[in-house]
Amino acid sequence: MKTNIKNICCIGAGYVGGPTMSVIADKCPDISVNVVDKNSERIALWNHSNLDLLPIYEPGLDEIISRCRGKNLTFSTKIREKISSADMVFISVNTPTKTKGIGAGQASDLKWVEACARDVAKFSIGHTIVVEKSTLPVKTAEVIKKILEASQITKNFQIEKSFDVLSNPEFLAEGTAIKDLEKPDRVLIGGEKNDAILALHNIYSKWVPKEKILHTNIWSSELAKLTSNAFLAQRISSINSIGAICEATGADVREVARAIGSDSRIGSKFLDAGPGFGGSCFKKDILNLVYLSKYFGLDEVASFWEGVVKLNHWHQKRISILVVEKLFGSVSNKKIGILGFSFKANTNDTRESAAISICKDLIEEGAILYIHDPKVEENQISKDLGLNSINLNRKNKAKNKIQNSGDWFFASNIDEIFPEADAILILTEWKEYTNFDWEKISTKMRRPAWIFDARSILDPKELENTNLNLWRIGDGFNT
Ligand code: NAD
Ligand code: UGA
């Protein structure tokens, strides 16, 4: 088997497939990298001449696309053609939590992965190395293998169509994807056959130091990905739980985080208290771990990890309740400015963003929200809230406004947020929200006015000469 890959196909042009393949193309000009997706609108955006319209926002991605697209990097819907010509196929499709049937609410829905395996089985020619890039439950490789092996063709005792399956989970975080891909902490390759592992190893070794490329068995690799996300999410729920104690006792979660993070055994990263973790993966991957644990009869293990998700849910609710309480127990018809809707800064992704549940709660309580985000579009917020903005309703003359319930405006201009607002709620740590003239803003808001900083981006000193009330996450001292 050849270990020198010349042609790659990646199925799935999403937040992982797009950036990952762009970096491989950039680092390996001798490999032809072809990203395919069944979503033609998404592919059209990947091919758009205006790089501001790429389907995902990721710092540094546009430069790589302009260097490689049309040379050794293509985006298309030609699934059959690109699989046929590939020596290696990455499966990088979505694996959301099942919404119905066995395991609903916890297990991963693998129908998209299975569809990919069937396409590879049908369209591949000769020997193909299939790489799981999607995050998958342990033992999924077995399912993929069975589907592929069922299509293996033998003629005159010679195998004409054959496969190897590898696990190569992705550890990039959104907003820093390019940096994470160019300088990864590690690359993990799980597999059984040395030649297949070597073929993938040779690609990464073009830019990743070899001591950072770890080889494991396939099941360890699949489990390590779920575990990695579970450990990271667990740190966030831990610090958010301590933040609540800080608020109750007069301690300050930033000081506590600094103190514990200085212990080299604990470390300082991932200790920022916030509005609760979001993103498409933490919740889904932990629930997947919970499902696996239950499946293997490990109920105590399952409830340990389930606690991380429950705490996160409780924490998001805690913030909406707190806002209502501070505004005299009612936000009905009160104007509240929401700064940030994406689940973290530097991405346009809103999946599982804490802003969704907090905004829904406040609208339910009757608030009029003015929502701003530098990268998230109005339509996306409408979809997430299940409610068109007042602007859109007026435009469409639709009347989906629920009586006695609140509403929301899309604030394309940030200055619309402040006049006559009763409160401002900072939910995403965008850099643009760190340089406001709070003295000036305080003159525009309706008094008594509140600033709720769920991301700790404000220095309380900046508000000292204003008559604004400040609540900061985990701050039992200043608020
Ligand atoms: P995504 O939803 O952004 O992209 C998935 C793409 O796959 C979609 O464009 C969809 O149209 C396409 N697709 C689905 N089935 C297809 C099929 N049969 N044929 C062709 N195209 C198909 O998802 P994502 O965020 O890129 O995540 C992909 C996987 O990577 C998930 O398993 C996720 O858990 C994992 N992951 C995500 C991140 C992240 O930061 N988003 C990081 C690490 C790992
Ligand atoms: C996370 C992991 O960090 C990646 O390694 C992994 O590949 C990815 O999930 C995945 O599998 O999808 P991502 O969700 O993009 O990446 O972003 P993170 O930086 O991990 O942030 C997740 C959430 O936690 C965000 O809502 C963020 O605001 C929150 N967070 C993060 C905190 O509240 N505090 C922190 O200290 C860090």
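The values are calculated or read from the model by the stated rules, or taken from the named source; none is laboratory data. What you are looking at is a predicted structure, and each value in this text was computed from that prediction instead of being measured. Don't worry about glycine lacking a Cβ; one is built from the backbone with ideal geometry, like all the others, and counts go over all protein chains shown.
Criterion first (in contact (Cβ under 8 Å) with a residue 40 or more places away in the chain, aliphatic (A, V, I, L, M) and within 29 Å of Gly60 (Cα to Cα)) does Leu188 satisfy it?
Numbers: in contact (Cβ under 8 Å) with a residue 40 or more places away in the chain: no; aliphatic (A, V, I, L, M): yes; within 29 Å of Gly60 (Cα to Cα): yes.
It is false that Leu188 is in contact (Cβ under 8 Å) with a residue 40 or more places away in the chain, aliphatic (A, V, I, L, M) and within 29 Å of Gly60 (Cα to Cα).
Do we find a residue being on the phi < 0 side of the Ramachandran plot, outside any loop (DSSP other than H, G, I, E, B) and within 16 Å of ligand 2 (Cβ to nearest atom) anywhere in segment 61-73?
yes
Quick one: which of Gly276, Gly307 is modelled with pLDDT of 95 or more, within 25 Å of Ile363 (Cα to Cα) and not charged (D, E, K, R)? Don't jump to the end; show me each part of the working.
Values: Gly307 fails: within 25 Å of Ile363 (Cα to Cα).
Selected residue: Gly276, the only one of Gly276, Gly307 that is modelled with pLDDT of 95 or more, within 25 Å of Ile363 (Cα to Cα) and not charged (D, E, K, R).
Looking only at residues that are assigned to a helix (DSSP H, G or I) and among the polar types (S, T, N, Q) in segment 172-214, which one is farthest from ligand 1 (Cβ to nearest atom)?
Going residue by residue through segment 172-214, those that are assigned to a helix (DSSP H, G or I) are 177-182, 194-204, 210-212.
Those left that are additionally among the polar types (S, T, N, Q): 194, 202.
Numbers: Asn194: 26, Asn202: 22 Å.
Filtering segment 172-214 for residues that are assigned to a helix (DSSP H, G or I) and among the polar types (S, T, N, Q), the one farthest from ligand 1 (Cβ to nearest atom) comes out as Asn194.
Cβ-Cβ distance below 7 Å, separation of 6 or more or different chains: which pairs start in segment 33-52 with a residue that is surrounded by 15 or more Cβ atoms within 10 Å (Cβ to Cβ) and end on one that is assigned to a loop (DSSP other than H, G, I, E, B) and among the basic types (Lys, Arg)?
Val36/Lys78
Name the one entry in Val113, Val120 that is buried (at least 21 other Cβ atoms within 10 Å of the Cβ), at pLDDT 95 or above and within 16 Å of ligand 2 (Cβ to nearest atom). Show your work before the answer.
Numbers: Val120 fails: within 16 Å of ligand 2 (Cβ to nearest atom).
Only one candidate passes the filter, namely Val113.
So how many residues does segment 231-244 have that are buried (at least 20 other Cβ atoms within 10 Å of the Cβ) and within 16 Å of ligand 1 (Cβ to nearest atom)?
Of the residues in that region, 2 qualify.
Got at least one residue in segment 251-263 being surrounded by 22 or more Cβ atoms within 10 Å (Cβ to Cβ) and either under 21 Å from Arg472 (Cα atoms) or modelled with pLDDT under 95 (or both)?
Scanning segment 251-263 turns up at least one residue that is surrounded by 22 or more Cβ atoms within 10 Å (Cβ to Cβ) and either under 21 Å from Arg472 (Cα atoms) or modelled with pLDDT under 95 (or both).
Among the residues that make up segment 165-173, is at least one of them surrounded by 15 or more Cβ atoms within 10 Å (Cβ to Cβ), among the aromatic types (Phe, Trp, Tyr) and within 18 Å of Asn229 (Cβ to Cβ)?
Among the residues of segment 165-173, at least one is surrounded by 15 or more Cβ atoms within 10 Å (Cβ to Cβ), among the aromatic types (Phe, Trp, Tyr) and within 18 Å of Asn229 (Cβ to Cβ), which makes the answer yes.
Could you check Ser382 against (1) of a type in the set (S, T, N, Q); (2) modelled with pLDDT of 95 or more; (3) under 22 Å from Asp459 (Cα atoms) and say which number it fails?
(3)
Name every residue in segment 110-149 that is within 10 Å of ligand 1 (Cβ to nearest atom) and charged (D, E, K, R), in order of residue number.
Listed by number, the residues that qualify are Lys111, Glu114, Arg118, Asp119, Glu132, Lys133.
How many of the residues making up segment 90-121 are in contact with a Lys or Arg (Cβ under 8 Å, 6 or more places away or on another chain) and under 25 Å from Glu160 (Cβ atoms)?
Taking segment 90-121 and keeping what is in contact with a Lys or Arg (Cβ under 8 Å, 6 or more places away or on another chain), we get 90-92, 95-97, 104-109, 119.
Retained after the next criterion (residues that are under 25 Å from Glu160 (Cβ atoms)): 90-91, 119.
Here the count works out to 3.
Write out, first by first residue and then by second, each pair whose Cβ atoms fall under 7 Å of each other, whose residues are 6+ apart or on separate chains, and whose first residue, in segment 222-245, is farther than 16 Å from Asp475 by Cα and more than 10 Å from ligand 2 (Cβ to nearest atom) while the second is among the polar types (S, T, N, Q) and assigned to a helix (DSSP H, G or I).
Glu222/Thr140
Find the residue count for segment 131-153, including only residues that are assigned to a strand (DSSP E or B) and touching an Asp or Glu at 6+ places or on another chain (Cβ under 7 Å). Working first, answer last.
Pass one, segment 131-153, residues assigned to a strand (DSSP E or B): 131-132, 153.
So of that shortlist, the ones also touching an Asp or Glu at 6+ places or on another chain (Cβ under 7 Å) come out as 153.
Of the residues in that region, 1 qualify.
Residues to consider are Lys100, Lys82; find the one that is of a type outside the set (A, V, I, L, M) and away from ligand 1 (no atom under 15 Å from the Cβ). Break it down into steps so the answer makes sense when it comes.
On the way: Lys82 fails: away from ligand 1 (no atom under 15 Å from the Cβ).
Of the residues listed, the single one that is of a type outside the set (A, V, I, L, M) and away from ligand 1 (no atom under 15 Å from the Cβ) is Lys100.
Quickly run through segment 248-298 and pick out the residues that are touching a residue at least 24 places away in the same chain (Cβ under 8 Å), within 16 Å of ligand 2 (Cβ to nearest atom), out of contact with any helix residue (DSSP H, G or I) (no Cβ under 8 Å at 6 or more places or on another chain) and not hydroxyl-bearing (Ser, Thr, Tyr).
Arg254, Gly279, Lys284
Which of the helices (runs of 4 or more DSSP H) found entirely inside segment 278-393 contain at least 1 residues meeting this: more than 23 Å from the chain's Cα centre (by Cα) and surrounded by 16 or more Cβ atoms within 10 Å (Cβ to Cβ)? Spell out how you get there, then give the answer.
On the way: elements: 282-295, 299-326, 354-364, 378-385.
Ranges flagged: 282-295, 299-326, 354-364.
What number of residues in segment 152-197 are within 30 Å of the chain's Cα centre (by Cα) and either of a type in the set (A, V, I, L, M) or not assigned by TED's automatic domain parsing to the domain that holds Ala141 (or both)?
12
Give me the pairs: first residue in segment 343-358 and closer than 20 Å to Asp285 by Cα, second residue more than 11 Å from ligand 2 (Cβ to nearest atom) and part of a helix (DSSP H, G or I), beta-carbon distance under 6 Å, and six or more apart or on different chains, which are they?
Qualifying pairs under 6 Å: Thr350/Gln380; Thr350/Asp384; Ile356/Asp384.
Limited to segment 7-48, what total is found for residues that are of a type in the set (D, E, K, R), away from ligand 1 (no atom under 15 Å from the Cβ) and part of a loop (DSSP other than H, G, I, E, B)? Please lay out each step first, then the result.
Of all residues in segment 7-48, those of a type in the set (D, E, K, R) come to 26-27, 30, 37-38, 41-42.
Pick out the ones that are also away from ligand 1 (no atom under 15 Å from the Cβ) and you get 26-27, 30.
Those still in the list that are part of a loop (DSSP other than H, G, I, E, B) too: 30.
Residues in segment 7-48 being of a type in the set (D, E, K, R), away from ligand 1 (no atom under 15 Å from the Cβ) and part of a loop (DSSP other than H, G, I, E, B): 1 in total.
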